[in-house]
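Participant: Got a structure here, written out as structure tokens. Questions coming.
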Amino acid sequence: MGKLKFCANVSWMFKESPFLDRYGLAAKAGFNGVEAAWPYEFSIDELIAAKNAANIDQVLINTGCSESLGHAADYNKVQKFRDELSLGIKYANALDCKRVHVMAGFRHPEAVTTKAMATYVENLKYAADELQAHGLTGLIEPIQNKTMKNSYFINTSVEAMQVLELVNKPNIKYQLDFFHVQLMEGNLTDIVRSTFPKIGHIQLSQVPKRNEPSTAGEIQYSYIFDLLEILGYDGWIGCEYTPATTTVEGLEWYTNYMSL
């Protein structure tokens, strides 16, 4: 059996079926964990029922929503950020989910960058303390700005490492998404090695179409998997990709890896 552990992102995968059914479909496909971006349109009871029926772990949820991608770096919406964080913690606790992606939000052209960064750092420090009280880990993720209409607040691993140094909280870690790193920086081997002590979660998809890791593209995932195994990565890897055809048809890569 492969040494790495993967979780299905049910916000991206199994979209042929209603959201709550995707927990069971992920389990049927052989996954032991799932991640979900913003499950807040469903009640906690509904999510717990879906999770328990599938006998699967909830690995990760995000703060904020898809429209704003969070508010941690918005100095005009500190209370909204805190409200979103509080809701995220409530859901995480109920779902026994140990990782919360604390989303920064977009970079507003009219905002004062230094003030926004100071707000981001202070909000992450606040989040660290709130999360720590519940035994949770917060994650920050740089998101590419090559194809997005609005630029996310941090875009590169260098920025993420600078933020983590300023926050200086052990339960705030780096969420490395290979799709974003490849588009913005490339140099995957050195970035994985240099950021490895700070990595709290990983996500993958192929570049440029964001399909399965086995599809044609810029990243050779057999090499990436070997690298992560050599480094001893024991965290989760989220499958945040759009299936090229159907989810199940595209899972041959996962079946093959798990049979190694």
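The values are calculated or read from the model by the stated rules, or taken from the named source; none is laboratory data. The model shown is predicted, which means the values in this text are computed figures rather than measured ones. We place every Cβ from the backbone using ideal geometry, glycine too, and count neighbours over all the protein chains shown. These accessible areas exclude ligands, DNA and RNA; they are computed on the full protein's heavy atoms, side chains included. Shrake-Rupley method; radii C 1.70, N 1.55, O 1.52, S 1.80 Å.
Participant: Please report the antiparallel percentage of the DSSP beta bridges confined to segment 104-260, to the nearest 5.
Facilitator: Working: 1 of 11 bridges.
Percent antiparallel among DSSP bridges in segment 104-260 is about 10.
Participant: To the nearest 0.05, what FRET efficiency results for Lys28 and Ile230 with a Förster distance of 35 Å applied to their C-beta separation?
Facilitator: 0.65
Participant: Still on this structure, I have one more. In segment 1-121, how does Rg compare with the Kirkwood Rh, expressed as the Rg/Rh ratio over alpha carbon atoms? Could you put the intermediate results ahead of the total?
Facilitator: Numbers: Rg = 16.2 Å, Rh = 15.4 Å.
Rounded to two decimals, Rg over Rh is 1.05.
Participant: Please work out how much length the chain gains when fully extended from Glu16 to Ala49, using 0.36 nm per residue of separation minus the C-alpha to C-alpha distance, in nm with one decimal. Mind dumping the intermediate values first?
Facilitator: Working: separation 33, 0.36 × 33 = 11.88 nm, distance 2.02 nm.
Additional length available on full extension: 9.9 nm.
Participant: How big is segment 152-211 on each of its three principal axes, counting only the C-alpha atoms and giving the largest first in Å?
Facilitator: Result for segment 152-211: principal-axis Cα extents of 35, 22, 17 Å.
Participant: Could I ask something else about it? Output the relative contact order of the chain, whole-number percent, from Cα pairs under 8 angstrom with separation of 6+ residues. Display every interim value, and only then the final one.
Facilitator: Working: 479 pairs, mean separation 51.6, N = 260.
Relative contact order for the chain comes out at 20 percent.
Participant: Still on this structure, I have one more. Under the Kirkwood approximation for Rh and a Cα-based Rg, what ratio Rg/Rh is obtained for segment 1-49?
Facilitator: Working: Rg = 11.3 Å, Rh = 11.4 Å.
Reported Rg/Rh, Kirkwood definition of Rh: 0.99.
Participant: If you average the alpha carbon positions of segment 107-131 and of segment 158-203, how far apart do those two centres end up, in angstrom?
Facilitator: Taking the Cα centre of each part, segment 107-131 and segment 158-203 sit 18 Å apart.
Participant: Considering only DSSP states other than H, G, I, E and B, which trypsin sites (Lys or Arg not before Pro) in segment 1-75 qualify as loop sites with at most 16 other Cβ atoms within 10 Å? Write out the running numbers ahead of the final one.
Facilitator: Working: sites: Lys3, Lys5, Lys15, Arg22, Lys28, Lys51; in loops: Lys3, Lys15.
In loop regions of segment 1-75 (DSSP not H, G, I, E or B), the sparsely surrounded trypsin sites (Lys or Arg not before Pro) are Lys3, Lys15.
Participant: Any idea what the dipole of segment 83-167 comes to, in debye rounded to 20, about its Cα centre with Lys/Arg Cβ at +1 and Asp/Glu Cβ at -1? Please list the in-between numbers first.
Facilitator: On the way: 8 positive and 10 negative charges, 53 e Å.
So the magnitude is around 260 debye.
Participant: Let me ask something additional. Taking only DSSP H segments of four or more residues, each worth -39500 (n - 2.57), what value at 222 nm results for the chain once the sum is divided by all its residues, to the nearest 500 deg cm²/dmol? If you can, show how the numbers build up before the last one.
Facilitator: Numbers: 9 runs with 99 residues, N = 260.
It comes out at -11500 deg cm²/dmol, rounded to the nearest 500.
Participant: Could you tell me what % of all Cα pairs in the chain have separations over 30 Å?
Facilitator: Summing the P(r) of the chain above 30 Å gives 24 percent of all pairs.
Participant: Still on this model: Which distance in nm do the two modelled labels at Arg193 and Leu260 give, with both placed 7 Å along the Cα-to-Cβ direction?
Facilitator: Between Arg193 and Leu260, the simple spin-label model gives 1.9 nm.
Participant: Right, another one. In the full protein assembly as shown, how much of Met103 is accessible to a 1.4 Å probe, in Å² to the nearest 10?
Facilitator: Here the residue's solvent-accessible area equals roughly 10 Å².
Participant: Working from the pairwise distances between different alpha carbons, so that the mean of 1/r is found and then inverted, what is segment 112-189's Kirkwood radius in Å? It would help to have the intermediate numbers written out before the result.
Facilitator: Details: mean 1/r = 0.0754 Å⁻¹.
After inverting the pairwise mean of 1/r, the radius is 13.3 Å.
Participant: Full-extension gain between Glu41 and Asn171, please, as 0.36 nm times their residue separation minus the C-alpha to C-alpha distance. Don't skip to the answer; put the middle values down first.
Facilitator: Working: separation 130, 0.36 × 130 = 46.80 nm, distance 2.72 nm.
Answer, rounded to one decimal: 44.1 nm.
Participant: Still on this structure: Once label points are set 7 Å from the Cα along Cα→Cβ at both Ser222 and Met161, what is their separation, rounded to one decimal in nm?
Facilitator: Spacing of the two 7 Å Cα→Cβ label points: 3.0 nm.
Participant: For segment 140-260, what is Rg from Cα atoms divided by 2.2 N^0.38 Å, rounded to two decimals?
Facilitator: On the way: Rg = 14.6 Å, N = 121, 2.2 N^0.38 = 13.6 Å.
Here the answer is 1.07, to two decimals.
Participant: So how strong a dipole does the chain carry about its Cα centre when Lys and Arg Cβ are +1 and Asp and Glu Cβ are -1, to the nearest 20 debye? Write down the numbers at each step before the final one.
Facilitator: Details: 23 positive and 30 negative charges, 62 e Å.
The calculated dipole for the chain is roughly 300 debye.
Participant: Then there is this: Give me the net charge of Gln79's neighbourhood, meaning all other residues with Cβ under 15 Å from the Cβ of Gln79; Lys, Arg count +1, Asp, Glu -1. Please list the in-between numbers first.
Facilitator: On the way: positive: Lys77, Lys80, Arg82; negative: Asp74, Asp83, Glu84, Glu122, Glu130.
Charge balance near Gln79 sits at -2.
Participant: Considering only protein heavy atoms, with the full assembly of protein chains and a 1.4 angstrom probe, order Asp177, Asp57 by accessible area, largest first.
Facilitator: Numbers: Asp177 5, Asp57 85 Å².
If we order Asp177, Asp57 from most to least accessible, we get Asp57, Asp177.
Participant: While we're here: Taking segment 146-232, which chymotrypsin sites (Phe, Trp or Tyr not before Pro) meet the DSSP loop condition and have no more than 10 other C-beta atoms within 10 Å? Before the final figure, lay out each step's value.
Facilitator: Details: sites: Tyr152, Phe153, Tyr174, Phe178, Phe179, Tyr221, Tyr223, Phe225; in loops: Phe153.
In loop regions of segment 146-232 (DSSP not H, G, I, E or B), there are no sparsely surrounded chymotrypsin sites (Phe, Trp or Tyr not before Pro).
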